[in-house]
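Novice: I am attaching a structure below and will ask some questions about it afterwards.
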Amino acid sequence: MTKYMQAKFLISAEKLSQCPEYTLPEFPLLGRSNVGKSSFINGLSNNKKLAKTSNTPGKTRLINFFQFGNDFMLADLPGYGYAKVSKEAQNKWQKYLEEYLLKREQIKSLIQFIDGRHDIQKNDFQMREWVEIYNLPIITIVTKMDYVPKSKTLNILKNIEKQFGGVVLPFSAVDNRYNEGIFEYFQKLISEN
Ligand SMILES: Nc1nc2c(ncn2[C@@H]2O[C@H](COP(=O)(O)OP(=O)(O)OP(=O)(O)O)[C@@H](O)[C@H]2O)c(=O)[nH]1
Ligand SMILES: [Mg+2]
């Protein structure tokens with residue numbers, strides 16, 4: 001398995017009708033603001049400038065599409081848990097996001113990101129519950145594992161697995177030591193049709 005893949009930014013979309021007409025398998029990235037979704041894209045592609053990362057989340061609510069080789073697409077989504085926009089804007093985006101997640105046929109699996117340093121938060125559970133109501137496929141990726149002492153790695157992953165169920169994979173955008181495992185699992189999801 002490769003450690004890095006060639007990736008490029010394709011397009012931003014606000015809603016389903018603006019999404020690219022590509023049929024590559026797609027993985028939307030869900031998670032709290034600042035959890036490391038955009039850094040995940042940069043880590044896998046070894047390109048820190050590909051997806052915008054920041055400590056101060058912006059207000060733009062867009063789905064950003066990144067194509068990895070000719071293999072799959074990652075859809076970078078604005079994080080939840082950041083409410084410095086009007087209720088009206090929030091509701092509109094919520095509607096667009098739901099439509100995208102429920103109707104986009106290319107989606108292979110959702111990916112929910114959890115910060116390895118912290119407990120799963122209330123809005124993470126709420127997101128998960130929503131996904132389960134609709135029975136959508138989902139896996140969990142635990143980010144910032146470089147902050148976690150090696151002796152605690154396994155416990156953290158097991159603990160999240162106990163609470164969320166399903167597949168739980170570690171990731172670090174600092175040392176990229178988990179990249180192969182991620183690509184391997186994506187390949188598996190893609191070949192499962
Ligand atoms: N040490 C470490 N820092 C990370 C890691 N991933 C992300 N960060 C840092 O965490 C901050 C937020 O990362 P982003 O990738 O922008 O987070 P995001 O989930 O895309 O946030 P939003 O776009 O606001 O939803 C940045 O300062 C990153 O450098 C990681 O694996 N290890
Ligand atoms: Mg981001």
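Novice: Pairs under 6 Å by beta carbon, first residue in a helix (DSSP H, G or I) in the range 180-193, partner surrounded by fewer than 13 Cβ atoms within 10 Å (Cβ to Cβ) and among the aromatic types (Phe, Trp, Tyr), six or more apart or different chains?
Specialist: No pair meets every condition.
Novice: While we're on this one: Taking the range 47-81 as the search range and keeping residues that are within 13 Å of ligand 2 (Cβ to nearest atom) and among the aromatic types (Phe, Trp, Tyr), which one is modelled with the lowest pLDDT?
Specialist: Here the answer is Tyr80.
Novice: Looking at the range 147-160, which of its residues are farther than 30 Å from Lys95 by Cα and open to solvent by less than 70 Å² (accessible area, probe 1.4 Å)?
Specialist: If the condition is that a residue be farther than 30 Å from Lys95 by Cα and open to solvent by less than 70 Å² (accessible area, probe 1.4 Å), then Val148, Pro149, Thr153, Ile156, Leu157 are the ones that fit.
Novice: I'm checking my understanding of the structure. Among residues of the range 17-38 that are open to solvent by 40 Å² or more (accessible area, probe 1.4 Å) and either at pLDDT 95 or above or not hydroxyl-bearing (Ser, Thr, Tyr) (or both), which one is nearest to ligand 1 (Cβ to nearest atom)?
Specialist: Restricting to residues being open to solvent by 40 Å² or more (accessible area, probe 1.4 Å) and either at pLDDT 95 or above or not hydroxyl-bearing (Ser, Thr, Tyr) (or both), the top hit is Asn34.
Here is a yes/no grid of residues against (1) acidic (Asp, Glu); (2) exposed (fewer than 13 other Cβ atoms within 10 Å of the Cβ):
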{"position": "Asp115", "(1), (2)": "yes, no"}
{"position": "Tyr134", "(1), (2)": "no, yes"}
{"position": "Val142", "(1), (2)": "no, no"}
{"position": "Met145", "(1), (2)": "no, no"}
{"position": "Lys162", "(1), (2)": "no, yes"}
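Novice: Right, another one. Kindly establish whether Glu129 is surrounded by fewer than 14 Cβ atoms within 10 Å (Cβ to Cβ), assigned to a helix (DSSP H, G or I) and modelled with pLDDT of 95 or more.
Specialist: Yes; evaluated as a whole, the condition is true for this residue.
Novice: Which of the residues that make up the range 101-126 are part of a strand (DSSP E or B) and β-branched (Val, Ile, Thr)?
Specialist: Matches in the range 101-126: Ile107, Ile111, Ile114.
Novice: Looking at Ile63, Ile41, can you tell me which residue is without any contact (Cβ under 8 Å) to a residue 40 or more places away in the chain, buried (at least 21 other Cβ atoms within 10 Å of the Cβ) and of a type outside the set (D, E, K, R)?
Specialist: Being without any contact (Cβ under 8 Å) to a residue 40 or more places away in the chain, buried (at least 21 other Cβ atoms within 10 Å of the Cβ) and of a type outside the set (D, E, K, R) holds for just one of Ile63, Ile41, which is Ile41.
The values are calculated or read from the model by the stated rules, or taken from the named source; none is laboratory data. As the structure is a prediction and not an experimental result, all values here were calculated from the model. A quick note on method: Cβ atoms are made from the backbone with ideal geometry, for glycine too, and the neighbour counts reach across all protein chains shown. Each accessible area value is taken on the protein alone, full model and side chains, heavy atoms only, with ligands, DNA and RNA left out. Shrake-Rupley method; radii C 1.70, N 1.55, O 1.52, S 1.80 Å.
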